[in-house]
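Read the structure below first, then the notes.
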Amino acid sequence: MRSRKLATAATLIAVSGLVAAACGDDDSGGSATTVATTAAATTAATTAAATTSAGVTTTAGATTTAATGGGGLVVPDYSKLGQDATNKKLYKGTGGFSIDVSKCPSDWNAKQGITDKEISVFISLPKSGPLAGFGLIADGAINYFNYIGTTGGIGGRQIKLDVKDDVYQAAQTKTNVNEALQTKKYAALLTILGTPNNLAIWDSTNEQCMPQLLNGTGGADWGDVENHPWTTGMQLDYWTEGSIWVDYLKKTYPSGAKLAMITFNNDFGKQYANAVKAGIKGTNLTLAKEELHEATAPNLTNNFTNLAATNADVLLIQTSGAFCTQAMAEVEKGSWKPKSVVMSATCGSTGQFFKPLVDQGLTGKDTIIIETIKNPLDPVLKDDPFVKLWVEQMTKGGLDPKQSTYFTGWVFAYYMTEILKAAEKMQGGLDRGNIMIAARSIVLPKSPVNLLDTGVKMEGLKDAYLTEFGRLAKYTITDPKVLGTFVPLDEKSLINVEGKLGTFATVKKASVAA
Amino acid sequence: MPIQLTQNTPKHRAYLAVAWAIAAIVLVSIPALFGQMFGLIAPVNIDRMTETMCYAVAILGLNLLIGFSGQLSIGHSAFVGIGMYTTAILVADHDWPYLLTLVVAVPLCFLVGVGLGIPALRIRGLYLAVVTLAVGAAFPTLVRKFESVTGGSNGLVTKSKWDPPSWTPWDRNDYGRSAWMYFTILAITIVMFVLARNLIRSRAGRAVMAIRDNEISASVAGVNLPLYKTMIFGVSAAFASVSGVMFAMYKQQATDTFPAIDLSIILVVGLVVGGASTISGAVPGALLLVWVVRTMRDAASSGNLKVFGVELFSVDFLKKREGGGQVATILLGILLLVVVFVLPGGTIDGLRRLRAKFVQVLPNPSWLAHRQQTAANPASAGSPAGSSGQPDPVR
Amino acid sequence: MATETSSESAGTTAVVAKANEQIGGAYRALEAFSAKRVRNLGILLAVVVVFSVYAITQDGGRIYLQRIFDSLNNGFVYGAVAIALVLIYKATGVINFAQGEMAMFGTFLMIDLHDYRGLPVWLAILGAMVISAAGAAGIERTLIRPFDPTNHLSIVMVTLSIFFIINGLVPVLYGIDPEAVPTPFPGAKDDFFNLFGVRIRYENLGIWITVGLAVLLISLLLKRTKIGLAFRSVSSNLESSRLVGISTGRTLQFGWALAAAVGTLAACLVARFNQPIDFNFMGKVLIFSFAAATLGGLDSVLGAVIAGLMVGVAETMLGGYVELIGSELALLVALAIIVVVLVVRPSGLFGSKKVERV
């Protein structure tokens, strides 16, 4: 009886204490304002001709068939960029971009994670669970960094990548990244996977002035240089990809067509779907049916029966993983034959998604996809020097050169290395402020990871997207028992909108207006 | 030679006081401890302890259902999710303070739990497990369906920060925020454990245990089956929702992938490994889930095992194999197997046996006699047995 | 609590008693309702007919037939796996969480035997079945038998740990890339025939027939052989079986081996529908199969298959015809229906009610 009274008293005290605490110390807000956004920002945003969803067109000057790289990209003089001579807290880049690190936390260290021997970088991605396949990106990246180490590194420094598993759970990503931030060991974060995962952390990384580079998702959000200057993406964003499809469909079906969609019910599936829906507004393309499927769906048979009932002209496959294969198989085996099948770039790996079709006696032929990155398993690229290098390093590192996901890791690692190299050249030398400037100012007239070595560019507040091109290609086979390749639709099929997308503000505005 | 203490004697009370005092000191000084020892970075490990407490309350709720009332449920994650999303929505969209959301989340979950308990009256055992599985599977899908409210697959981020208020001794930096969050959540955890203990020791608790042991006997003895069975579902759900609110506070975010069937299963694992027979089993269970599982996963993904900064071994083979990261799952399975074989009562059972080597607590005959006296003389204790005409069977 | 005032407790007791009575009345009503089997079947039939008429007027007869076909496919899939779950439950009274993973392992073994060792598909399947059975027998002997068969919680935990171990082992051994699955039936792109405009694939028919045969064989096994008799005896009353001289350990081991073999067979067939498969493919099917096993009654093999078909039908039909639900929620609605059915018949449609002794 006494112990109960005591317990009740303790409870009351605790509860009243909690109630006292409950009243406001949770100030909302906390958005990063560590960058002095210049007046140039607003003008830059309006001048950036962002003709996205409604009008992504193949401009004559931008298409290339010869490998001259992105229509005249000029590399800035990195040695003139970087830390300001008088104000050591100010870093300047191209396109009006600058960072004022006096707005960063007081214990912010520009040289964190950087020594004479090593640059420490951190990645969090799924290494176990159903999406563990993406985890190989980290292994591929480590392989590339090891190779760079053998060729002298970044001024003699080895790039070291620490990996944590987040099972693709945004909450786990947040925990991993928080811990990484608190250890104060890392110069930058690299290729965090998943849109919800990156959204979960980008407020804290920006607050803490931690470069969050080359996000492993095609979300259009990563172009938000105004509000989240420390976060960048890499891929052709899903929104633009969807818009390119719509553009292609408008040209191919000038008198209109019925569309049917199979969409993964998650962050990127929905982005594609929204892009298409926005793009076809006011055109004579109509959406006959959208089927959403869950990650836990064992097969897509029911979905396809529903889609087939519409007898649509075009099928859009917006998913990833084994579902890509299943979708193509359903189309090929069923009686409904849409005139065009367009698939998302997340399903682009022939080795991963088309080979199981061959094993089933199917082909997946005539599927249309937008390619950006080279496919290392493509026999056409057998003699490409970068692909050859990849195969050689894979074998050296004991990894499987038939697993194209390792090449994806190479892509991210390549860009990271180039950014670090550029940062080293900047005023003040290699430090985190310069890394961020480099990430926002990098220009590569020829990028060996891209098709046709197409170049890429970032330009501060004017151009916040790295990869802004894609090539419409159709999967073509010669022998149904062997993997085919993606053949470009025509000479005009390389669509390069480098510098046209602007930032997230412009992409978003276009999406709302469309 | 173990020391023998008889229950309720001054010696025993002194022992209890000392034990609780030590526990209190340890709990309160964790933030400071983790800053100095082993070269650990304080906020990281404080946060892990905070997360441990969130899991502990979730497992506690599950224990009330599975351990004490004997009803199997794999749908616990749904209630955690309801708590999480209630808090996230109220804080992110309506600017409520975090703690106030408890007022909404807990009754809501209690009602849903009671609602789930009603079909559970008819359905038993494994059939009930499948029903709860359905509930657990339903939640993430529903979250995605109503994405305008919940943010769908992108999740819902609450931007509120845990800045320590001015009357606390910490600064507004990482350490201060972690410490403040730790203590807030510690307070809630203590309240929940105390409530659970009171529940177990009350008449209602005994009724529930009677139902677990033999439903028919309990009903014959006069225990109101439907009332208690649904009530315990509601209470267990309420505990889960509190843990969900705590998770929302800790992560400052609600996602659709977290409150899924995987969570239910891992909570059951935590419960069994911790020990299902007492409520304190939730603590080692939660410690296991947060510390051991995390360490195993990190080891598997990076191919080497570091404990407190000391590298134990490095396995190159795993780095090369494509499925290498999955070793963590294998290790979890082996761990569970070992626990079931060696310590069927869970870790808490093992700890108790260890303690029994040093201190044994014996029941007190004189205390028992006093109780029997009171039972034989109802008038002197003022029980309702005589006055309302209905015998009170659960004594 | 012991010192409540008399009026307070009288009030609450009265309210509680009233609620008790009402719920009791509801019980009795439900019991009476579920007892009239023929009438319930009639109601079910009427619902099906009304729905079918609605469906055909909505989207046409061909789509209706196509959907029926799809649901049969999926249904046989769920039912096949459910058989394995039911067999273990019959024998031991526990749900084997590892059933799916053991079957998944068997499937990868089959693919290994076929693709890399060149065995023809049927032989590969049989080989995988034999290996699974042996493995399961071993698991029973080493991991399950040490426990008291009535200690359900511990046994379920052991099966859960096996789940984790196999789920982690397979990707380490076989990698994480999705694999195509061979089929023993003619399975090329053009192996189908047309029935009223619906494509019926030979391989699907083959699976239906195989599952049907399996049910038949298992029933014969259980009813006509000595070991089957021992199995039924042990599942009905463990103690008495022991007294009569039946080796319960051996019999349970047989039960595990049989369930594993059936599970592997089911998974090999199922995998073909859901290819390309990765190590998580059984996990996706398992929730449907649990639902089917429960709906049919956890100790009825035939019930499992019939319930599997019902789950498949509910999922496809509701997802296809009810716009509001759509494909994503179809599973949930199917589960909701199961909950409703269980409230009316708590032991499932074909399950046997347990008589409890005080």
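Out of the residues in segment B:319-365 that are at pLDDT below 70 and of a type in the set (Gly, Ala, Ser), which is surrounded by the fewest Cβ atoms within 10 Å (Cβ to Cβ)? Write out each step before concluding.
As a first pass, look at segment B:319-365 and keep what is at pLDDT below 70: B:319-325.
Filter once more, so that each one left must be of a type in the set (Gly, Ala, Ser): B:323-325.
Numbers: B:Gly323: 24, B:Gly324: 26, B:Gly325: 32.
That would be B:Gly323.
Restrict the check to segment C:300-307 and report whether at least one residue is part of a helix (DSSP H, G or I), of a type in the set (Ser, Thr, Tyr) and either more than 9 Å from every other protein chain (Cβ to nearest Cβ) or under 16 Å from A:Asn299 (Cα atoms) (or both). Write out each step before concluding.
So in segment C:300-307, the residues part of a helix (DSSP H, G or I) come out as C:301-307.
When the remaining residues are screened for being of a type in the set (Ser, Thr, Tyr), the result is none.
No - not one qualifying residue is present in segment C:300-307.
Give the residue, chosen from C:Ile162, C:Ile176, that is within 8 Å of another protein chain (Cβ to nearest Cβ), more than 30 Å from A:Glu332 (Cα to Cα) and of a type outside the set (Asp, Glu). Write out each step before concluding.
Working: C:Ile176 fails: more than 30 Å from A:Glu332 (Cα to Cα).
None of the other options fit; the residue is C:Ile162.
Name the residue that is nearest to the other protein chains (Cβ to nearest Cβ), counting only residues in segment C:139-159 that are assigned to a helix (DSSP H, G or I) and either over 23 Å from the mean Cα position of the chain (by Cα) or of a type in the set (Asp, Glu) (or both).
Of all residues in segment C:139-159, those assigned to a helix (DSSP H, G or I) come to C:139-144, C:152-159.
Those left that are additionally either over 23 Å from the mean Cα position of the chain (by Cα) or of a type in the set (Asp, Glu) (or both): C:140-143.
Working: C:Glu140: 14, C:Arg141: 14, C:Thr142: 10, C:Leu143: 7 Å.
Step by step, filter segment C:139-159, then rank; the result is C:Leu143.
Applying the selection to segment B:247-287, what residues are of a type in the set (Val, Ile, Thr), in a helix (DSSP H, G or I), modelled with pLDDT under 90 and over 21 Å from B:Ala129 (Cα atoms)?
Selection gives B:Ile279 alone.
Taking segment C:319-330 as the region of interest, how many residues are among the hydrophobic types (A, V, I, L, M, F, W, C) and either facing chain B (nearest Cβ under 7 Å) or under 22 Å from C:Phe33 (Cα atoms) (or both)?
Applying the first criterion (among the hydrophobic types (A, V, I, L, M, F, W, C)) to segment C:319-330 yields C:322, C:324-325, C:329-330.
From what is left, the residues that are either facing chain B (nearest Cβ under 7 Å) or under 22 Å from C:Phe33 (Cα atoms) (or both) are C:329.
Result for segment C:319-330: 1.
Restricting to segment C:127-149, count the residues that are crowded, with 19+ Cβ neighbours inside 10 Å and aliphatic (A, V, I, L, M).
7
Quick check, is C:Gly296 surrounded by 20 or more Cβ atoms within 10 Å (Cβ to Cβ) and either over 29 Å from A:Val331 (Cβ atoms) or more than 14 Å from chain A (Cβ to nearest Cβ) (or both)?
On the way: surrounded by 20 or more Cβ atoms within 10 Å (Cβ to Cβ): yes; either over 29 Å from A:Val331 (Cβ atoms) or more than 14 Å from chain A (Cβ to nearest Cβ) (or both): yes.
In short, yes.
Give segment A:113-161 a look and list any residue that's within 10 Å of another protein chain (Cβ to nearest Cβ), in a loop (DSSP other than H, G, I, E, B) and in contact with a strand residue (DSSP E or B) (Cβ under 6 Å, 6 or more places away or on another chain), or say none.
A:Lys127, A:Ser128
Only one of these conditions is not met by C:Glu315: (1) of a type in the set (D, E, K, R); (2) surrounded by 24 or more Cβ atoms within 10 Å (Cβ to Cβ); (3) within 30 Å of C:Gly127 (Cβ to Cβ). Which number is it?
C:Glu315 satisfies all of (1) of a type in the set (D, E, K, R); (2) surrounded by 24 or more Cβ atoms within 10 Å (Cβ to Cβ); (3) within 30 Å of C:Gly127 (Cβ to Cβ) except (3).
Criterion first (assigned to a helix (DSSP H, G or I) and either aromatic (Phe, Trp, Tyr) or closer than 19 Å to B:Thr189 by Cβ (or both)) does B:Leu108 satisfy it? I'd like the intermediate steps shown before the answer.
On the way: assigned to a helix (DSSP H, G or I): yes; either aromatic (Phe, Trp, Tyr) or closer than 19 Å to B:Thr189 by Cβ (or both): no.
When the stated conditions are applied, B:Leu108 does not pass them.
Answer yes or no as to whether B:Val290 is closer than 22 Å to B:Val191 by Cβ, at pLDDT below 90 and within 14 Å of chain A (Cβ to nearest Cβ). Before the answer, list the steps.
Numbers: closer than 22 Å to B:Val191 by Cβ: yes; at pLDDT below 90: yes; within 14 Å of chain A (Cβ to nearest Cβ): yes.
For B:Val290, the condition - closer than 22 Å to B:Val191 by Cβ, at pLDDT below 90 and within 14 Å of chain A (Cβ to nearest Cβ) - is met.
For C:Val181, only one of the following conditions fails: (1) within 30 Å of B:Ser301 (Cα to Cα); (2) over 23 Å from the mean Cα position of the chain (by Cα). What is its number?
(2)
Might you check whether a residue that is farther than 20 Å from A:Gly361 by Cα and within 14 Å of another protein chain (Cβ to nearest Cβ) occurs anywhere in segment C:197-219?
If we filter segment C:197-219 for residues that are farther than 20 Å from A:Gly361 by Cα, which is where we start, we get C:197-198, C:208-219.
So of that shortlist, the ones also within 14 Å of another protein chain (Cβ to nearest Cβ) come out as C:197-198.
For segment C:197-219, residues farther than 20 Å from A:Gly361 by Cα and within 14 Å of another protein chain (Cβ to nearest Cβ): present.
Which condition number does A:Thr217 fail, the rest of (1) farther than 30 Å from C:Arg62 by Cα; (2) hydroxyl-bearing (Ser, Thr, Tyr); (3) in contact (Cβ under 8 Å) with a residue 60 or more places away in the chain being met?
(3)
Can you pull out every residue in segment B:80-92 that is surrounded by fewer than 24 Cβ atoms within 10 Å (Cβ to Cβ) and within 11 Å of another protein chain (Cβ to nearest Cβ)?
Correct list: B:Ala92 only.
Across segment A:137-155, what is the total count of residues that are in contact with a Phe, Trp or Tyr (Cβ under 6 Å, 6 or more places away or on another chain) and not small (Gly, Ala, Ser)?
The number of residues fulfilling the criteria is 1.
If only one of A:Gln158, A:Gln169 is touching a Phe, Trp or Tyr at 6+ places or on another chain (Cβ under 7 Å), in the same structural domain as A:Glu118 (by TED's automatic domain parsing) and farther than 16 Å from A:Trp390 by Cβ, which one is it?
On the way: A:Gln158 fails: touching a Phe, Trp or Tyr at 6+ places or on another chain (Cβ under 7 Å).
Being touching a Phe, Trp or Tyr at 6+ places or on another chain (Cβ under 7 Å), in the same structural domain as A:Glu118 (by TED's automatic domain parsing) and farther than 16 Å from A:Trp390 by Cβ holds for just one of A:Gln158, A:Gln169, which is A:Gln169.
Could you say which residue among C:Arg345, C:Arg357 is under 18 Å from C:Arg37 (Cα atoms) and modelled with pLDDT under 80? Break it down into steps so the answer makes sense when it comes.
On the way: C:Arg357 fails: under 18 Å from C:Arg37 (Cα atoms).
Only one candidate passes the filter, namely C:Arg345.
Find the helices (runs of 4 or more DSSP H) located wholly in segment A:169-257 whose residues include 3 or more that are modelled with pLDDT under 90 and within 13 Å of another protein chain (Cβ to nearest Cβ), and list them.
On the way: elements: A:170-183, A:195-207, A:238-252.
Correct list: A:170-183, A:195-207.
Got a sec? Which of A:Asp237, A:Asp247 is under 22 Å from A:Gly348 (Cα atoms) and out of contact with any strand residue (DSSP E or B) (no Cβ under 9 Å at 6 or more places or on another chain)? Quick ask: steps written out before the conclusion?
On the way: A:Asp247 fails: out of contact with any strand residue (DSSP E or B) (no Cβ under 9 Å at 6 or more places or on another chain).
Exactly one of A:Asp237, A:Asp247 is under 22 Å from A:Gly348 (Cα atoms) and out of contact with any strand residue (DSSP E or B) (no Cβ under 9 Å at 6 or more places or on another chain), namely A:Asp237.
For the condition in contact (Cβ under 8 Å) with a residue 60 or more places away in the chain and closer than 15 Å to B:Ile279 by Cβ, what is the one hit in B:Val242, B:Val223? Walk me through how you get there before you give the answer.
On the way: B:Val223 fails: closer than 15 Å to B:Ile279 by Cβ.
After ruling out the rest, the residue left standing is B:Val242.
Conditions (1) at pLDDT 90 or above; (2) closer than 20 Å to C:Val170 by Cβ, marked per residue:
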position: C:Arg232; (1), (2): no, no
position: C:Ser241; (1), (2): no, no
position: C:Leu252; (1), (2): no, no
position: C:Val262; (1), (2): yes, yes
position: C:Ala266; (1), (2): yes, yes
position: C:Arg272; (1), (2): no, yes
position: C:Lys284; (1), (2): no, yes
position: C:Phe290; (1), (2): no, no
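Conditions: (1) at pLDDT 95 or above; (2) within 14 Å of chain B (Cβ to nearest Cβ). A:Tyr406 meets all but one. Number of the miss?
Unmet for A:Tyr406, out of (1) at pLDDT 95 or above; (2) within 14 Å of chain B (Cβ to nearest Cβ): (1).
Show me the helices (runs of 4 or more DSSP H) entirely contained within segment A:263-353 in which 1 or more residues are more than 12 Å from chain C (Cβ to nearest Cβ).
Ranges flagged: A:267-279.
Considering only helices (runs of 4 or more DSSP H) fully contained in segment B:159-246, which possess at least 1 residues that are of a type outside the set (Phe, Trp, Tyr), over 25 Å from the mean Cα position of the chain (by Cα) and within 13 Å of chain A (Cβ to nearest Cβ)?
On the way: elements: B:174-201, B:203-213, B:215-220.
Where helices (runs of 4 or more DSSP H) fall fully within segment B:159-246 and carry at least 1 residues being of a type outside the set (Phe, Trp, Tyr), over 25 Å from the mean Cα position of the chain (by Cα) and within 13 Å of chain A (Cβ to nearest Cβ), they are B:174-201.
Would you mind finding the one in A:Val314, A:Val276 that is modelled with pLDDT of 90 or more, under 19 Å from the mean Cα position of the chain (by Cα) and not aromatic (Phe, Trp, Tyr)?
On the way: A:Val314 fails: under 19 Å from the mean Cα position of the chain (by Cα).
Being modelled with pLDDT of 90 or more, under 19 Å from the mean Cα position of the chain (by Cα) and not aromatic (Phe, Trp, Tyr) holds for just one of A:Val314, A:Val276, which is A:Val276.
Against the definition (surrounded by 22 or more Cβ atoms within 10 Å (Cβ to Cβ), outside any strand (DSSP E or B), more than 8 Å from every other protein chain (Cβ to nearest Cβ) and in contact (Cβ under 8 Å) with a residue 24 or more places away in the chain), how does B:Gly113 come out, yes or no? Full working, then the answer.
Numbers: surrounded by 22 or more Cβ atoms within 10 Å (Cβ to Cβ): yes; outside any strand (DSSP E or B): yes; more than 8 Å from every other protein chain (Cβ to nearest Cβ): yes; in contact (Cβ under 8 Å) with a residue 24 or more places away in the chain: yes.
Yes.
Any residue in segment B:326-348 that's more than 7 Å from every other protein chain (Cβ to nearest Cβ) and closer than 27 Å to C:Asp177 by Cα: show its pairings with residues that are basic (Lys, Arg) and surrounded by fewer than 19 Cβ atoms within 10 Å (Cβ to Cβ) at Cβ separation under 8 Å, as long as the two are six or more apart or on different chains.
That search, which allows pairs on different chains as well, returns nothing.
The values are calculated or read from the model by the stated rules, or taken from the named source; none is laboratory data. As the structure is a computational prediction, the values presented were derived from the model and not from experiment. Heads up, the Cβs are rebuilt from the backbone with ideal geometry, glycines too, and the neighbour counts pull from every protein chain shown.
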